[in-house]
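Asker: Have a look at this one before I ask anything.
The values are calculated or read from the model by the stated rules, or taken from the named source; none is laboratory data. Every value quoted in this text rests on a predicted model; they were computed, and no experiment measured them. We place every Cβ from the backbone using ideal geometry, glycine too, and count neighbours over all the protein chains shown. When the accessible area is computed, the model is the full protein with side chains, heavy atoms only, and any ligands, DNA or RNA have been set aside. Shrake-Rupley method; radii C 1.70, N 1.55, O 1.52, S 1.80 Å.
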Amino acid sequence: MNVIYPLAVPKGRRLVCEVCEAPAERMCTACTVTYYCGPVHQKADWGSIHEKICQLLIPLRTTMPFYNSEEERQHGLQQLQKRQKHLIEFCYTVAQKYLFEGRHEDAVPAALHSLRFRMNVHGLSSVELVPAYLLLAEASLGLGRIVQAEEYLSQARWTVLKSTDCSNATHSLLHRNLGLLYIAKENHEEARYHLANDIYFASCAFGTEDIRTSGGYFHLANVFHGLNKMGLADTLYTKVSEIWYTYLNDHYQALLQARSQQTDLLGKQFVNDTGLDEAQEAEAIQILTSILSIREPTSSKAPQKTVLVLKTLSILYYLMLECSKAKEYASRALSLTEEHLDVQEQSVIKELLNIISIEEEQPLT
Amino acid sequence: MTSGETRSPMSAFPPVPVTRTRLAILAREKLPCSPRTIPRAQLIKEKDDIDHYLEKNFKGLSKEEVAAHRNSYKKSICVEMLRDGYHKSFTELFALTEQWDALRRAAEVRSLFWLQRPLEEQPDKLDNFYHYLTRAEAAERQEYYEEVYNNLYALACYFDNPEDKWVRNHFYERCFKIAQRIKFDGGKKEAEAQAHMGLLFEEEGELLEAAQHYEAFHELTQGRIWKDETGQLLNLLACESLVRIYRLLSDRMLENKDYKQAIKILMKASDIAKEGSDRTMEGEAALFLGSAHLAAGEYETALTVLRRYSEIAESVGDDLNLGKAYEAIAKVLQSQGQTTEAIEYLEKFVKIARNNFQSLDVIHACTMLGDIYNEKGQYSTASEYFQQAFSTAVELMKTALMDETKVHYGIARAHQMMMTMTNYIESADLDSLNCLLSWKESRTQIKYDPVLGLTRRATEDDIYHYPDTQEEITRSPDNQ
């Protein structure tokens, strides 16, 4: 019974496609509150976000049950709000993760959901809508739909401009996406301006050496790389890899220390943790691998820099519990150091490799 | 929210053909509002064109100008840096402004009144930051470390005022780090940087650290003929700084009564001063060493060192230092109890000070002389010297000094009169009693009769010009 007939829908009630808002012809049988214009969009939505939130949508889209008291009603409303807020964040993170993984097509439905819930909760002209607009813009950019991306960005920019209490983090995101837009449009002048703004705002919000600021540096580096200003791009890439290395290495060292101190207490194992959410992990992988691919051709000239990236990647994968990849990067780093660098560096990497292989042999239950 | 691309094909119908009059078509073309059939993409493109056109042909505000009005100057500067990829400069500037905030907050906690304006509100300073930091970074990228150093040093110099001392210190530290990478100039920059670091620590009162840096500075400049901007030899500068810092260190040790260490350090200082081949400095080092020996109670060594000092001063023809030397020697002699020699030296000192119009020294020397005579019991000479000291102080119009000398003078006069008084009292005859009574009446005149009633001189002056010899005679029974 997943087919519905638009003409049979009661008058005044409009069932629209979850993805494109066209009149609906199908319904999700699992939750029965989500409609689609056709199997294509249903499949797209299912693959992107619906599978994860299908059941969560039911309480949001059915009418509220009858409450006996005002108190209960208030409570119910609060619950609803909470659910919606949770969904906003969840959809947002999922979409972000898709974006960093390069699955732009998949990101669109998730981002749309985030945007829709935001509209419900915060109203149409709230700054809260901006992150969702930005996601959509980024997805559109990834799909090569520059005009559409610009549309979203203009929307976001206007919202930010009108609001008086926009956080630095939002400003930073907006400028980052504007920068990406102008990169796509090959307007490097503008792109640099916006990315500079991005870094400035991100620094105000998180500090200059934060992983959340590193994205701005990375894109700026890409611009300079595209402009063939290798020296500039190089220092920026170094900066980005250093930021990530410091962050991940801190986590790694903390983990090792915690293990060495309390390993036999209740036999409790410490779970590897990057301290990042999925989107940030995806971002880290994307940034670091692309830096690596840039570094690799010149690794004989400046092995130190390549080794740093390899080491960072290895630690990252190790913390993400993907030991085989961690091992691969670590051994690549080792072979590079054996060729070019001193013993001290080698021993550091050997130690890392050791720890990874121990982990590999005894996988956590 | 979604555009035509994701929309299913059934929603996009071809436009319905409508027959229109010619005028209607024309009007449609001319009318500002566009028909719905134009895709949004085209609209956006047109808007871009319009923007571009407006920007070019109308002298309104450009995007940069708008940004400049909307944003703070600090932000504009930061963005300007980042645009050209000067991320290190940005980081540095950003860190500095944050540090400023932290300083202010700390001051607020201690509820100090914070007068400084924030860096953000001082565009000229920000401009300087931009100028030098970006140039330094560009040079660093190309590994011209000397250029980097020069730029950073220029910044440090620019912030060399009491308000921005912390900024200057920051750049001194940066200079120091960079200077260690400059190799081909033989370490001149490094030496300079060491000197700055030394100065930095000296100002903060961390003398040991400062001494370390100055030592490094000295070592680096040894045997070199480098000169600084003012044409001074760096080596000489190093010696001077090192001697100064050693002196401060030894002062601190003397305060803690750690004489051995102090003397050790001052010996080092005088060695270095000798090396610096600047006689004045050498002399000064000797003076301090001498004083330290004196404080430690090693009078003989102190004397030899100080004699050398006076020799040096004499050979240079430096009266000031010669005076100081005499003073120091006199002090040593005084504490040894050789008062006559001490007086000799002090008299020389007074003469020199007089000749050079060093009123403070004159006062000092006269007071010392007065003290010695006081101790020896030659009260009239003592009061004479104290009077000299007092009148010089009056000339100088320094109340504190005046008060001090006044007291000394008064005490000496009292001592002087005491003798006569006791004589009168001891003699216990009518005349003496009368004399005492009349003195008590007026408190100004007292008649003195050395041989008890034989000759009575009535003038006040006479009392004060009591011959020393007689004083000695009268005192002699007590002394024995």
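Asker: Conditions first: (1) open to solvent by 40 Å² or more (accessible area, probe 1.4 Å); (2) within 22 Å of the chain's Cα centre (by Cα); (3) modelled with pLDDT of 75 or more. Residue B:197 passes all but one, so which condition is the exception?
Answerer: (1)
Asker: Here's something else I'd like to know. Looking only at segment A:158-170, count how many residues are surrounded by fewer than 17 Cβ atoms within 10 Å (Cβ to Cβ) and in a helix (DSSP H, G or I).
Answerer: Qualifying residue count, segment A:158-170: 5.
Asker: Still on this structure, please answer the following. Looking at segment A:114-125, which of the residues that are touching a helix residue (DSSP H, G or I) at 6+ places or on another chain (Cβ under 7 Å) and within 11 Å of another protein chain (Cβ to nearest Cβ) is surrounded by the most Cβ atoms within 10 Å (Cβ to Cβ)?
Answerer: Filtering first and then ranking leaves A:115.
Asker: Right, something else. Does segment B:82-99 hold any residues that are within 7 Å of chain A (Cβ to nearest Cβ) and not in a helix (DSSP H, G or I), and which are they?
Answerer: B:85
Asker: Sticking with this structure for a sec: For segment A:17-46, give me each residue that is surrounded by 15 or more Cβ atoms within 10 Å (Cβ to Cβ) and part of a helix (DSSP H, G or I).
Answerer: Listed by number, the residues that qualify are A:41, A:42, A:44, A:45, A:46.
Asker: Of everything in segment B:385-401, what is free of Cβ contacts under 8 Å to residues at least 24 places away in the same chain and surrounded by fewer than 19 Cβ atoms within 10 Å (Cβ to Cβ)? Give them in sequence order.
Answerer: B:387, B:391, B:394, B:397, B:398, B:399, B:400
Asker: Considering each residue of segment B:344-378, count those that are outside any helix (DSSP H, G or I) and under 18 Å from residue B:333 (Cβ atoms), and give that number.
Answerer: Step one: of segment B:344-378, the residues outside any helix (DSSP H, G or I) are B:356-358, B:377-378.
Narrowing the set further to residues that are under 18 Å from residue B:333 (Cβ atoms) leaves B:378.
Of the residues in segment B:344-378, 1 are outside any helix (DSSP H, G or I) and under 18 Å from residue B:333 (Cβ atoms).
Asker: Select from segment B:68-81 the residues that are more than 7 Å from every other protein chain (Cβ to nearest Cβ) and closer than 16 Å to residue B:133 by Cα and write down the one among them that is surrounded by the fewest Cβ atoms within 10 Å (Cβ to Cβ).
Answerer: B:80
Asker: If residue A:19 passes every condition in (1) within 14 Å of chain B (Cβ to nearest Cβ); (2) in contact with a helix residue (DSSP H, G or I) (Cβ under 6 Å, 6 or more places away or on another chain); (3) without any contact (Cβ under 8 Å) to a residue 60 or more places away in the chain but one, which one does it miss?
Answerer: (3)
Asker: Quick test of your reading of the structure: residue B:316 fulfils all but one of (1) open to solvent by 20 Å² or more (accessible area, probe 1.4 Å); (2) touching a helix residue (DSSP H, G or I) at 6+ places or on another chain (Cβ under 9 Å); (3) modelled with pLDDT of 70 or more. Name the failing condition by number.
Answerer: Exception for residue B:316: condition (3).
Asker: Give the number of residues within segment B:438-455 that are open to solvent by 80 Å² or more (accessible area, probe 1.4 Å) and either at pLDDT 80 or above or not in a helix (DSSP H, G or I) (or both).
Answerer: Of the residues in segment B:438-455, 6 are open to solvent by 80 Å² or more (accessible area, probe 1.4 Å) and either at pLDDT 80 or above or not in a helix (DSSP H, G or I) (or both).
Asker: Might you check whether a residue that is of a type outside the set (A, V, I, L, M, F, W, C) and more than 22 Å from residue A:115 (Cβ to Cβ) occurs anywhere in segment A:39-55?
Answerer: Yes - at least one qualifying residue is present in segment A:39-55.
Asker: Further question on the same structure: With respect to the numbered conditions (1) over 19 Å from the mean Cα position of the chain (by Cα); (2) of a type in the set (Gly, Ala, Ser); (3) facing chain B (nearest Cβ under 10 Å), which one is the sole condition not fulfilled by residue A:226?
Answerer: Tallying (1) over 19 Å from the mean Cα position of the chain (by Cα); (2) of a type in the set (Gly, Ala, Ser); (3) facing chain B (nearest Cβ under 10 Å), residue A:226 fails exactly one: (3).
Asker: Of the conditions (1) more than 16 Å from residue A:135 (Cβ to Cβ); (2) more than 14 Å from chain B (Cβ to nearest Cβ); (3) open to solvent by 90 Å² or more (accessible area, probe 1.4 Å), residue A:103 clears all except one; give me its number.
Answerer: So residue A:103 meets the others, but not (1).
Asker: Continuing with the same structure: Would you confirm whether any residue within segment B:99-107 is surrounded by 17 or more Cβ atoms within 10 Å (Cβ to Cβ) and more than 24 Å from residue A:229 (Cβ to Cβ)?
Answerer: Yes, there is a match, as at least one residue in segment B:99-107 is surrounded by 17 or more Cβ atoms within 10 Å (Cβ to Cβ) and more than 24 Å from residue A:229 (Cβ to Cβ).
Asker: Hey, among the residues in segment A:133-171 that are within 12 Å of chain B (Cβ to nearest Cβ) and among the polar types (S, T, N, Q), which one's nearest to residue B:41 (Cα to Cα)?
Answerer: A:148
The rows are residues; the columns are (1) open to solvent by 30 Å² or more (accessible area, probe 1.4 Å); (2) at pLDDT below 80; (3) in a helix (DSSP H, G or I).
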site: B:153; (1), (2), (3): yes, no, yes
site: B:166; (1), (2), (3): yes, yes, yes
site: B:171; (1), (2), (3): no, no, yes
site: B:175; (1), (2), (3): no, no, yes
site: B:181; (1), (2), (3): yes, yes, no
site: B:185; (1), (2), (3): yes, yes, no
